[in-house]
Every structure is written in structure tokens, then in C-alpha cells.
1. Going by the conditions given, is residue A:228 under 30 Å from residue A:327 (Cβ atoms) and out of contact with any Ser or Thr (no Cβ under 8 Å at 6 or more places or on another chain)?
2. For segment B:134-179, name all the residues that are among the aliphatic types (A, V, I, L, M) and either in a loop (DSSP other than H, G, I, E, B) or touching a residue at least 60 places away in the same chain (Cβ under 8 Å) (or both).
3. Can you tell me how many residues in segment B:276-308 are open to solvent by less than 40 Å² (accessible area, probe 1.4 Å) and modelled with pLDDT of 70 or more?
4. I'm trying to understand the selection: among the residues of segment B:116-135, which are among the small types (Gly, Ala, Ser) and either loosely packed, with under 15 Cβ neighbours inside 10 Å or at the interface with chain A (Cβ under 7 Å from one of its Cβ atoms) (or both)?
5. Inside segment A:21-73, can you point out the residues that are more than 12 Å from the chain's Cα centre (by Cα), assigned to a strand (DSSP E or B) and within 27 Å of residue B:94 (Cα to Cα)?
6. If residue B:65 passes every condition in (1) under 23 Å from residue B:32 (Cβ atoms); (2) in contact with a strand residue (DSSP E or B) (Cβ under 8 Å, 6 or more places away or on another chain); (3) open to solvent by 70 Å² or more (accessible area, probe 1.4 Å); (4) more than 7 Å from every other protein chain (Cβ to nearest Cβ) but one, which one does it miss?
7. Name the residue, out of A:427, A:419, that is under 24 Å from residue A:28 (Cα atoms), in contact with a helix residue (DSSP H, G or I) (Cβ under 7 Å, 6 or more places away or on another chain), open to solvent by 30 Å² or more (accessible area, probe 1.4 Å) and modelled with pLDDT under 90.
8. Do we have residue A:110 as without any contact (Cβ under 8 Å) to a residue 24 or more places away in the chain and aliphatic (A, V, I, L, M) here?
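The values are calculated or read from the model by the stated rules, or taken from the named source; none is laboratory data. Just so it is clear, the model here is predicted, and its values are computed rather than measured. Cβ placement follows ideal geometry from the backbone for every residue including glycine, while neighbour counts extend to all protein chains displayed. Each accessible area value is taken on the protein alone, full model and side chains, heavy atoms only, with ligands, DNA and RNA left out. Shrake-Rupley method; radii C 1.70, N 1.55, O 1.52, S 1.80 Å.
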Amino acid sequence: MIVSMKEIFHYIFKWKFFILFSIIGCVLLSYLYVQQKQSYSANIIIQFEDASISEGLNPDGSTFDINEITSPTLILQTLEDLSLNESVDKIRSSLAIKSITPNYIEELQAAKTKDGEEYTYYPNQFIITYNDRRGAPQGELYDILDALINNYILYYNKTYINQAYITENNYSIENENYDYIEIADLLDNNIHDVMNNLNRLSDNSQNYRSPSTGYNFSDLHKKYNELATFDMPLIYSEIYEGQITKNREVLLKKYQHNKNNYTMQSNTNATQAESTLQVIQKFADANRDLPNAYNQADDSRNDDDLPVSKDQLEYGDTINDTTYDDLMDTYVEYAIGASNNKIDAAHCEEVIRIFSAEPSGVDTGKLLKSVTERIAYVQNKLQELNEIADKTMSDYNTYLASRHVTQLTGVQVVANVGFLLYAVLSFMLGLGGSTVFALSYEIFRKLRREEQEKALRAAESGEEASLAETEPQEPDPAAPAIPLEGAEDR
Amino acid sequence: MIAKLFNKRNFIIVLCFSIIIPLLGGSYTFLASYNRQGMTLALSYTGSEKGYNPDGSKFNVYEMKSDKIIDEMLSRMDVEDLTTEFVKTRITIEAKSAKQSYSRVYSAVTNSRSSVYIPMEFTIWYSQKDKFAENHTVQLLSTLAEVYTEYFNDRYTEKNTVLDVSDLDLSKYDYSEIVSIYGDRISSMLALLSTYKGENSTFRSAETKQTFVSLMDMLNNLRNVELPKLEAYITTSGVSKDKFTYLNKIDYLHNSQELLFNKASSSKNIILGAIDQYDAELTGSLFIPTIDKNQNLYMNKTKTGIDYLAQRAQTKGVETESIRASMEHYNFLTSVYSQSTVTSSSPEMRTAQEMTESINKQLTEIAALAKTTCDEYLSDKTHDYLSFSIPEDPLSSALSVRNLIRYGMMGFILGCMAAVFSAIALPHLIKGYEWIKHEPLFSHPSETSPKKARRQKRRRYAHVTKGEEKS
């Protein structure tokens, strides 16, 4: 049996609808399969802005480890934030971190390796991937990765960056252990601590203004300064004027004790300064005639036997202190310490003098009432200001967090199972399968027809006479090889 | 053959498909989308392209699903049986980002180029669970947009708190202190106005007709003319609300400054002494081996202790002089107030009070003007920060004409296909089926009886015979 190309095309044309519906069916089935098997991955690219990361260190000097993103604490926090009832381990095992190394670094690394040199590169850009295997919807993946990155940024900021904070002391005027002057000291120290902090922040971030409070650090500094300049001096002056104290004897003893401590410390510092000065003189004497060995870039021209190592210092490195400088600094610190302690001892002596004499010509009761009221006022005002400062600093810390770790992309969710591939495969399968089926069917039919024809001819040979009138002797050679069904149609 | 297609039967088939498919598709879409509505949130402020809020903190669209926002939203809605936790599960947020953005950034980063792509548009979907209850999707989304906008503006946009002077309680302060407090307040206000002026120097309020520059001029006049005048008057006249308390306070301030002065002065002298101790011969030979840009070694004369000590001495010297100046000021005040005879009934006291009140009045007026102007400016500036696009009517959006047309076209095409199928392929299939039914495909030819075969052959060639007879 011979099947011509013409016949094949004819068969395919004949079965076109079957083939078309088979293809559509296969593509539909593949679509349903992909829908059932579909899972998603969420990706994000983040970049660390701190220069220390390029040296493999966190801003605080500790070793940088990007895998902290997958720490159970952060994942647990994320799940709590999203109210998800999922296992921490499942999420953790679905997270993958890949560093991004620029092409030129890879080329450099390859070149160095070729020369047998080591080259270490610490990347600061990473791709974080959350590859879900639970068939979770796309939105959930987006939520999880975004919340995790947010939590990590906050963690990084809290752990490695110096954050702005408020120093608060908890004390009460009703506390019997504190005398009025001690409470005043605590308040004054607290105010000055916050002011110093605000001053530093104001210098670093002059343009920052909190969206919650509407204040910048300079505004807050002015508000604290009102307390420090107007209210606190009034409290001190009234305490001294009226010798306001809860227990004069205890107060005097305390100041006597302080005076002794300051004097002792002053003497110690003076001795240390003197001793350091002697060391400085000896050090200078010993080093005065030492030749300056390294004075030529060309090693052969230096007057020593030591080879010059070019790896000692990189360009731009500077040495801030030498031993001689360190010694001199130490001497200065001791000497200043001795002097300041002496001055503080003198101040204690003055307080003792004031509180030792009996108050005269003043209304102690009135002053006591005034002091108590003013302390209460300052305490309330300080608490109020601390709340505002705390809010402002909290806003600032959030602002700061986004400056240390930045996102280069948003979270992008992609399908793990690509429908296009399956669609193409199913198209091919549908087309191939249905065509093969159609052709096989037609070929079988043709084969069978030919066999039937043979059988028919064999049967006809016995009854030639009776059928001679109607049956043609031979098929017309001019007639096309049209299938019988086609002929019937006509 | 084509002509065969244009008949009444096929027309009915196409018409039926064109009606039934849109009806079925439209009903399905209606059911699916009527209770699930989405609104678009677009960010448009400086920094949004980097994923920041207006204050520079990181933008987090999921704050929209926070308990605080959902609670507030539900409290404003008249919907029963909805809990915060439940509503959170029915809201989904999708970021609208270009498909190639991620690979573009990745490619740029690997080629050491700077590239950032953060989506600035989001779709917030709410799907109402009970499909047969009254539809509240649009109401919920509208309220959510309203609550979130308020929250966002309150949390992340600027505030002009420093322009509010209503909290000034100056009754417990003396005149000299009041001058200082006014000075500080004016400085803070000027700093804020200066920032706004830098952002938009030509802005003029429609309500107050003031620009930031004109407001700054008013404040500068107050600070540079009125305040010094008041300060000069009260200082030279020795005006104080409580002279003795004030003198005591000045005395305390003088003493505390003296303590600081002694410390600063002593430190300065110690540092100067240390510089004298430095051996110039030793420090002169201090060179540091350093490598330059061309990787050549050179000897670097680094800063030595003398440099640092000199800097410290200079700082201490400035501090000492500053303390000395304030001590002299306190001495001056002590001498003036000690000799002052001004009492609460003196005309100087009245004048000082009037001057203070006048300044207070001016400051309050300028602050009110500034606040109105800045409020208008901020309103203009921030009203486009967030823009929501919410479907107004869920019914009309669910009954989309576009969808109906789409389904209609689909129905028409299917109808045409069905007509073609019924006209061309169906007869083949029916005949094929009948043929298969009478002649099983896999039956052996020997199984066919000669009589049956003859009958079939006769039938097949019948038309040929008829044709021959006709001809």
C-alpha cells in the first residue's frame, strides 16, 4: 500500500477540526495542570550603604553576616506582624540569599587568581528570595518578604547603628533619700545630657524635622535650654539662699565626703601627670638621635637593611598618634583631671560653708514652698519635653534606618511554573498526537478498503455474468483517487 | 461550499451563540467582580521613587492593613459583623511594577551602574465574603482610603508646630528671660519659613496674601528691632518682676560660670604648657611611610601632638573667653539691679510691661499669619501625595460594557465556528460514524460475506451508474 503526500495532506485537512479541538483540549489541560502545580517566588534586591560592609564589617566593627535576615527571631516577628500561623522553619528553609558581584570585580578576581594572588570582595548588594512551596497566594509572599525586610532593617539599625535616644532618670521629689540639692543636680544633669545629645544630632542632621512633632533637634534644644537657663538656676539659688535641705547633717557629711574624694583624686592625677612627664622626657632623650630610616621611596637608597613593604599603608591612610603624642595626651588628661578635681573640691567646700551657717533674713518656709513647686514644675515640663524628644528621636531612627539599608527594587513575585512552556509542549502534543491518530485511522481504513476490494474482486470473478451490466470493468484511470466517502458526498 | 454557510439555520446558530455567551460570561463576571473591588493608590512626592515616605522613612504600603487603620475604618462604617482580623484577611495589596524592572536593576548593578526601581502604584483589593449580602465593597475601600490618607498625612508629612505660640506662658518668667524666650521662638519660626522658602520662594497665600519672605521680614524686624529695644530698656532701667530673686539667680549663675571658667582656663594653661614641653627636634623627624595614588612610597609628615594640642588649646581659649564674657554680663546685671529702685508701681515697670505685651501681640499676629500661610502651602503641597482611584458604583463596574462586547465577540466567533462545523464537519462525522457502525474498522475482510460486499459496492457506485444513465 502506498500513501502519497497528497493523501496525507488530504487526511489532515479532513481531520482539521479534530486536530484543532485536540490542540485546544491539550492547552486547556496544561493550563489546569499549571494552575494546580503553580507556586511563586518573591525577590528583592537590597543594598547596604555603610562603607564598613565593603570591609566585611558592620558599622559597629563586628563581622557582617547577611544571613541574619533568616534569623528565627526576625521570622517569628514577621509572622506575628502578619498574623500568619506558619512554621518558622518552613519560612526559613524557603529563604535564599545571593550576593551580587559586579562584573569588573569578577574579572579582577579571575585575574588575581591567575596570578596566584588572593582577592577578597565583600559584596554590599544582595538578592533575597523567598521561594514558596506551600502554594500560598502571591499576595502572601509579597507580604512575607516585605515585612521580613522591614524587620531586618529595623534590627540592623537597632543593633549596629548608634541610635538617638533620651536619657531619663526616674526620681520623685517625695523620695526621702534625695535631698533638694540632689534632686536639682539630677534634673540639671538630665537636662544637660539631653541637650548634649540634641546638640550632636542637630549638628549631624540640620535639615531633619520630625513629621510627628514638627520639631527639629535645634528647636528641642532651645526648649530644654529654657529649663536649664531660667528654671534650674532659680531652684539652685533658692536652695542656697534658704539653705533648703531635708537633713543638714547628712548633706554636710556628703559634701565633706565628696570634697575628700575630689582632693584625693586631684592628688592622684597630679602624681600621674608628673610621672608621665618624666616618661616623656626620657622618651624624647632616647629618640632624639635616632636616624630617620625611611626617607626614600626607592628601597635601595634607604640607609637601613629593612625592606620597604608597600602593603603597609594604603593611599590616604594616616597615623594620628605616635607614642610620643600618646604620652603627651596622657599627661594633659591627668593634669586637667588634677586641676578639675581641685576646683570641684573647692566647690564642695563652698557648699559646706553655705550650709554650715544658719540662714538669716530669709523666709525659709516660703523658699521651701517655692523650691518644691519649681522642682515639680521642672519635672513635669521635663517629662513633657522628653516625650516630644522621644517621639522626634524615634522618627529620626526610622528615617535613619532607611538610609543604611536601601531597596533597589520592590518585592517582585514571579511564578515558578511557566505556563508558556507547558502551552507549547501541549500544543505540540495535541497537534502531533491528533495528527498521528488521524493518519493512522485513515491509513488503516485505506488498508482495509484495499483488502475488501481484493476480497470483492475475488467474489466477483465467480459471478461476472450477473453483475456485468452494472459493474464497470476497471476503475476509470482518469478519475482522481478520491476516497469513497468523498465520492458518496458528490 | 461557502454559499452553503449562509442559510437560516446557521444564522440562528450564530445568533444564539452571540446572545448566550455574553449572557453566561456577563453573569459570571458580574458575580465574580460585584463583590470584589479594587482601588488604585498612586504615590507622587519626592522620595517615593526610592521607596521613602515624605519624611524620608521607608514607605510600607502594608500599614494600610494595620490594626490601627482597619479599626478606625470599621468605626467609621455602618457595617455589622466585621472584625479587624477578618477584614485584614479579605484585603490584598498588589504592587504595580513593570515586569522587566527587576532584571533591569539586576543588570545595572552587576555592571556597576546605579539603578533603583520601586513601584509607586498599588492596587488594593477587597473581596466581600458574603456575596448575597448588601454590597459594601466601595464603601469600605472609600473609607479605607480616607482613613489611610489622614494617617499618612499625620504620620509622614510636615507639621508647622513651631508656628504655634499659644503655649507660651511667660507669667513665671522675668523680663530678661522673656526676651530670650521670644528670641528662641522667632529663630525656630524663621528656620521653618526659610525651609519653605527654599522649596517654593514664589508661593503667596491666597488667604493672607503673604509670601514666606514677607513673613520672614516681619519676624526679623521683631527680632532685630523690637526685642533689642525691650532688652536694652529693661537692662538699663533694672526692671524685674522680683529684684531679689533675680539678683540671687544672677549670683548663682555667676558662681557656676566662675566654676566653669576656672576649669576651662586651667585646662587651657595645661595644654599650652604641654606644647612647651614638646621636643621640636623629636617631632621634626616624625615621618610616616605612605603610599601615594601611583603606589609609590613617600614620607608623609603627619599631624603630631602639637597640632592636636594647639587645636584643643584654641577651643579651650575660646570657651574661656566666652565664659568670661557671660561672667562680665552677670557682673554688669548685678551692679545695675543692685542699684535699681524700680518697683512694681514704677513707670519703668509699666513701660516694660507694655513693650512686652506689644511684642507678644505682634508675635501672635505674625505667627497666626505664618500658620495660615504655611497651612495653605502644605495643603497645596501634600494634597497630591496620595491619590486613590476608587470605583464609584460596584454595579456599573461589574456590568462592564466592554466585558459584554468582549463576550459578544467571543460568542459570535464561537457561533461562526459552530455553524462552519455543523455545515462542513458534522455530515462527515455522521457519515463516518454510520460507516464505522456498519463496517467495524478492525473486522477482517474475510468476515464480510460476498453478498454483503456486493450490496455495499452497488450502493457506492449507484450514483456513478445514475450519472452515466443521465448522460
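1. Numbers: under 30 Å from residue A:327 (Cβ atoms): no; out of contact with any Ser or Thr (no Cβ under 8 Å at 6 or more places or on another chain): yes.
So residue A:228 fails the test.
2. Here is the first cut: in segment B:134-179, the ones among the aliphatic types (A, V, I, L, M) are B:138, B:140-141, B:144-145, B:147, B:162-163, B:165, B:168, B:170, B:178-179.
Within segment B:134-179, B:138, B:140, B:141, B:144, B:145, B:147, B:163, B:165, B:168, B:170, B:178 qualify.
3. Number satisfying all stated conditions: 2.
4. Taking segment B:116-135 first, the residues among the small types (Gly, Ala, Ser) are B:127, B:133.
Within segment B:116-135, just B:133 meets the criteria.
5. Those that are more than 12 Å from the chain's Cα centre (by Cα), assigned to a strand (DSSP E or B) and within 27 Å of residue B:94 (Cα to Cα): A:40, A:41, A:42, A:43.
6. (3)
7. On the way: A:427 fails: modelled with pLDDT under 90.
Answer to the check: A:419.
8. Values: without any contact (Cβ under 8 Å) to a residue 24 or more places away in the chain: yes; aliphatic (A, V, I, L, M): yes.
For residue A:110, the condition - without any contact (Cβ under 8 Å) to a residue 24 or more places away in the chain and aliphatic (A, V, I, L, M) - is met.
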